[in-house]
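Report on the following structure.
The values are calculated or read from the model by the stated rules, or taken from the named source; none is laboratory data. Just so we're clear, the structure is a prediction, and the values are computed from it rather than from any experiment. Methodologically, a virtual Cβ is constructed for each residue, glycine included, from the backbone with ideal geometry; neighbour enumeration extends over all protein chains shown.
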Amino acid sequence: MQVGELVEPSRGSRRLCAVLAGGPLGLLTEVCRPSGGGGSLGFGRLYIGPTPDGEAAVAPVGVDEVRIVHDLVAVVRRGLGAGGFGARAGERPEGPALLAFNVGIVRVTGDGFGGAGLARTWALVGHPAVRRRLDRLAADRPAGVAPLAVVVATPLYADLCDEGLDGRDWREIRAAGAWMNWGTR
């Protein structure tokens with residue numbers, strides 16, 4: 001199944017979507033397992049599947065989006081750090097990993113998931129303005145910062161800020177309709 005593919009004709013539901021690109025293959029699945037640190041965080045309820053360049057996750061309806069975004073960023077950063085999943089798998093991606101978030105309509109079936117919400121999240125990963133910013137940030141990455149950038153669609157970013165997200169290290173990418181963070185917040 002391709003990311004963004006409509007998998008059934010029935011109605012979808014608005015869900016939190018995440019796409020991890022550029023990291024070691026299987027990282028998102030691994031960090032969301034109970035043994036990977038994600039079990040106690042409620043990640044066992046996420047739908048996770050492959051994408052052309054990584055993995056996608058879709059949350060069930062009604063989750064605490066603020067908590068999921070915060071916790072998922074934290075476990076992925078740990079997974080990319082020294083001794084993390086990527087180091088154990090022996091993979092060293094050429095550039096930084098990018099974790100993108102959006103909220104939109106998704107359909108979940110027994111065979112997978114897809115829909116416009118997930119397609120728009122995936123589009124953030126490949127947006128030229130996001131890629132340019134990612135390249136600039138990668139060149140200036142401070143020592144000791146895990147090679148992960150986070151990009152959040154502007155409407156979701158506004159919701160997260162309303163709920164207490166610390167916006168100090170976030171930079172707007174107006175052309176992409178998103179905000180990006182390279183720091184640890």
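What the table shows:
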read-out	value
Selection count where residues are outside any loop (DSSP other than H, G, I, E, B) and either touching a helix residue (DSSP H, G or I) at 6+ places or on another chain (Cβ under 8 Å) or at pLDDT below 85 (or both), scope the range 105-127	6
Unique residue being at pLDDT below 90, assigned to a loop (DSSP other than H, G, I, E, B) and small (Gly, Ala, Ser) when the list is Ala138, Ala74, Ala82, Ala87	Ala82
Complete set of residues in the range 157-180 that are over 19 Å from Asp64 (Cβ atoms) and either touching a His at 6+ places or on another chain (Cβ under 8 Å) or modelled with pLDDT of 90 or more (or both)	Trp170, Arg171, Glu172, Ile173, Arg174, Ala175, Ala176, Gly177, Ala178, Trp179, Met180
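Listed here are the residues, each with its yes/no results for (1) among the charged types (D, E, K, R); (2) farther than 23 Å from Ala97 by Cα; (3) part of a strand (DSSP E or B); (4) modelled with pLDDT under 75.
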position: Gly4; (1), (2), (3), (4): no, no, no, yes
position: Glu8; (1), (2), (3), (4): yes, yes, no, yes
position: Arg15; (1), (2), (3), (4): yes, no, yes, no
position: Thr29; (1), (2), (3), (4): no, no, no, no
